[in-house]
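Peer 1: Here it is: the structure, laid out below.
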Amino acid sequence: MAAVRPSRNDHWWRDAVIYQVYPRSFADGDGDGTGDLSGVRSRLSYLSELGVDAVWFTPWYLSPMVDGGYDVADYRTIDPAFGTLDEAEKLIAEATEFGLRVIVDIVPNHVSDRHVWFQAALAAGPGSPERELFHFRPGRGEDGELPPNNWPSEFSGTTWTRVPDGEWYLHLFTPEQPDLNWSHPTVRREHEEILRFWFERGVAGVRVDSAALLAKHPDLPDFVAGVDPHPYLDQDGIHDIYRSWRAIADEYDGVFVGEVWLPDAERFARYLRPDELHTAFNFTFLTCPWEADRLRAAIDDTLAEHAPVQAPATWVLSNHDVTRTATRYGRTDTGFDFGTKAFGTPSDLQLGTRRARAAALLTLALPGSVYLYQGEELGLPEAEIPLERIQDPMHFRSGGTDPGRDGCRVPLPWAADKPFFGFGSHTEPWLPQPQDWARYAVDRQDADRESLLSLYRTALLLRRSTAGFGDGPMTWLVADEGVLAFARTNGLVCVVNLSGRAIELPDHEELLLASSPLHSDGRLPGDAAVWLLR
Ligand code: NOJ
């Protein structure tokens, strides 16, 4: 085992590259078809050789897996499908030995309906203190037969479910994910203890799921489009929660990354004030189409909104909820929008992959930290999952029109010639892998200097070893239409050509890296990017 320990740099999170592991689909150590912690432990050397600084694990806790683990039944127990708490502790220690920090995922907005609190609330009945931990209400209408309000679900459909005694409970996601009542001190205390529980076990950070949804208007009034404030999104009271969390994180030098989907830049930045969350995912960039003007605007907006609170930006191309980058960038519409997902959207994968390569160099050159979702470094496309194998509740709740998110959650291909591409051994993976995935397998890409994996490895090594990357200023350079060119410090320059024709490169001393070969006359082809030293 390489004995590189995480650096003692207190500000590591300002420019780290953080790899997202979706444990169910990363590596299957016991061969039962579901990825697990022993699988991750056996692949830590892969992550260390890739050159990332930290690993974020999507929820690994006890869960009925109605929403892929985002329905947590117990935060202090690892789901048996993944392993044990003892193994999680070993994994954290081993990752640390490899120089990798660990970030866990906390889902404060809701719990699983199998959580003891919810089971107790159901049993205790209307008016009980147990029900106060959730949002139970009588219904509207003569016999209470109508839901208490009109809130739309984040997963389409209703947000209220009626229980046999006649009361309704709120769930912004599925009925199996009842929302917690964050105005209740017990809910706050419990989560503070959960944070301590994981910080005590050596994790370096916490990702906060659905971070802008926790606080609800106390009257739970109807949602009226265009009328502020929204009754559950970004309520002012939420910041008090994060201030108390920050005080805890500071005791452990822990950091937060918030899942904050908010269109308003100023409201978004409030979450990143110095006494709240350290960072938040940059969905402006993630959803942006592959167009120079739009990308430039997204980058400028991002930097402008972070500057007043002095928080570092994050750059994210994909995650376990959105369409894989190579597929998205090969489509006519290269942006991402949950509302427009459809079955059978055509994609030119060769083009998409070329762009994904260029996008890798773009994101890794921007100021701030970068999130890399497992399989992104392999250029995995979005898989079409046969209807009968789909598991994602987003698909079912859409009435079957939304393909759901399983297409980006397919188990990783590790070895081209092994059963299940080396993901596991004797049992078929929980989601089917497309038959032609041998070409994406890690061992194939290992042996190919031109592969996307090789590009990522080289880029990450250079990003670590060359002054000018990460946190710090950037300046746009004059460039042709359709070209993004910017300078970092120490002579570092990144040029991304989205113009559709070959372009001359600016004067430079050294070509550090190119996402695709240059033309023989030194020009940069379309949909390609370079790092230069001037
Ligand atoms: C955001 C997570 O990324 C997603 O996977 C999950 O379904 C929802 N939050 C609900 O927890």
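Peer 1: Given R₀ = 41 Å, FRET efficiency for residue 490-residue 253 by Cβ-Cβ distance, to 0.05?
Peer 2: 0.90
Peer 1: Still on this model: Which shape class, rounded, prolate or oblate, goes with the range 78-172 when its Cα gyration tensor gives a ≥ b ≥ c as root eigenvalues, a/c under 1.5 marks rounded, and past that a/b bigger than b/c marks prolate?
Peer 2: prolate
Peer 1: Still on this structure, I have one more. Suppose we flag GluC sites (Glu not before Pro) only when DSSP calls them loop and at most 16 other Cβ atoms lie within 10 Å. Which is the longest uninterrupted stretch of the chain?
Peer 2: In short, 146-290.
Peer 1: Here is a further query. Round to a whole number: what % of the accessible area of the chain belongs to carbon and sulfur, probe 1.4 Å?
Peer 2: It is 50 percent, rounded to a whole number.
Peer 1: May I pose another question? With n ≥ 4 as the cut-off for DSSP H runs, can you work out [θ] at 222 nm for the chain, using -39500 (n - 2.57) per run divided by the number of residues, rounded to the nearest 500?
Peer 2: -7500 deg cm²/dmol
Peer 1: Evaluate the relative contact order of the range 473-533 (contact order divided by residue number), counting alpha-carbon pairs under 8 angstrom at least 6 apart; express in whole percent.
Peer 2: Relative contact order, the range 473-533: 32 percent.
Peer 1: What percent of all Cα-Cα pairs in the chain falls into each 10 Å bin, going from 0 up to the bin containing the maximum distance?
Peer 2: Taking all Cα pairs of the chain, the binned fractions are 4, 18, 29, 28, 16, 5, 1, 0 percent.
Peer 1: To the nearest 0.05, what FRET efficiency results for residue 123 and residue 350 with a Förster distance of 60 Å applied to their C-beta separation?
Peer 2: The computed FRET efficiency comes out at 0.55.
Peer 1: Compare 406, 264 by solvent-accessible area with a 1.4 Å probe and give them largest first, with all protein chains kept in place.
Peer 2: 264, 406
Peer 1: Here's something else I'd like to know. Accessible area per residue of the range 473-533 at 1.4 Å probe, in Å²?
Peer 2: In whole numbers, the range 473-533 has 46 Å² accessible per residue.
Peer 1: With a 1.4 Å probe and all protein chains left in place, how much accessible area per residue does the range 70-160 have, in Å²?
Peer 2: 39
Peer 1: Pop a pseudo-label 7 angstrom from the Cα along the beta-carbon direction at both residue 114 and residue 220 and give the gap in nm to one decimal.
Peer 2: It is 2.5 nm.
Peer 1: Quick check: convex hull over the Cα atoms of the range 244-343, volume per residue in Å³, rounded to an integer?
Peer 2: Per-residue hull volume (Cα only) is 112 Å³.
Peer 1: Return a whole-number percent for the relative contact order of the chain, with Cα pairs under 8 Å and 6 or more residues apart as the contact set.
Peer 2: 13
Peer 1: Quick one: if the Förster radius is 25 Å, what FRET efficiency do residue 450 and residue 534 give, using the C-beta to C-beta distance and rounding to 0.05?
Peer 2: 0.45
Peer 1: Using Cα centres only, tell me the gap between the range 380-448 and the range 105-120 in whole Å.
Peer 2: For the range 380-448 versus the range 105-120, the Cα centre distance is 29 Å.
Peer 1: How many percent of DSSP beta bridges within the chain run antiparallel, rounded to 5?
Peer 2: 55
Peer 1: Could you tell me what % of all Cα pairs in the range 335-442 have separations over 22 Å?
Peer 2: 41
Peer 1: Can you give me the long-range amide H partners of residue 505? Hydrogens built in the peptide plane at 1.01 Å from N, cutoff under 5 Å, separation of 5 or more residues or another chain.
Peer 2: 524
Peer 1: How long is the gain from residue 342 to residue 146 if the chain were fully straight, where each residue apart is worth 0.36 nm and the alpha carbon distance is subtracted?
Peer 2: Stretched fully, the residue 342-residue 146 segment lengthens by 67.4 nm.
Peer 1: A further question follows. Roughly how far apart, in whole Å, are the Cα centres of the range 14-36 and the range 299-337?
Peer 2: 22
Peer 1: At a temperature of 37 °C and a viscosity of 0.692 mPa s, determine how fast the range 313-395 diffuses translationally according to Stokes-Einstein, using the Kirkwood radius over alpha-carbon pairs as Rh; express D in µm²/s, rounded to the nearest whole number.
Peer 2: Once the numbers are plugged in, D ends up at 241 µm²/s.
Peer 1: Convex hull over the alpha-carbon atoms of the range 116-170: what's its volume per residue in Å³?
Peer 2: In the range 116-170, the Cα convex hull volume per residue is 83 Å³.
Peer 1: Take every Cα-Cα distance within the range 473-533, group them into 5 Å bins from 0 onward, and report for each bin the whole-number percent of pairs it holds.
Peer 2: Answer for the range 473-533: a P(r) of 4, 20, 34, 27, 12, 3, 0 percent.
The values are calculated or read from the model by the stated rules, or taken from the named source; none is laboratory data. Only a predicted model underlies this, so the values are computations on that prediction, with no experimental measurement involved. Heads up, the Cβs are rebuilt from the backbone with ideal geometry, glycines too, and the neighbour counts pull from every protein chain shown. To get the accessible areas, we keep the full protein, side chains included, count just its heavy atoms, and leave off ligands, DNA and RNA. Shrake-Rupley method; radii C 1.70, N 1.55, O 1.52, S 1.80 Å.
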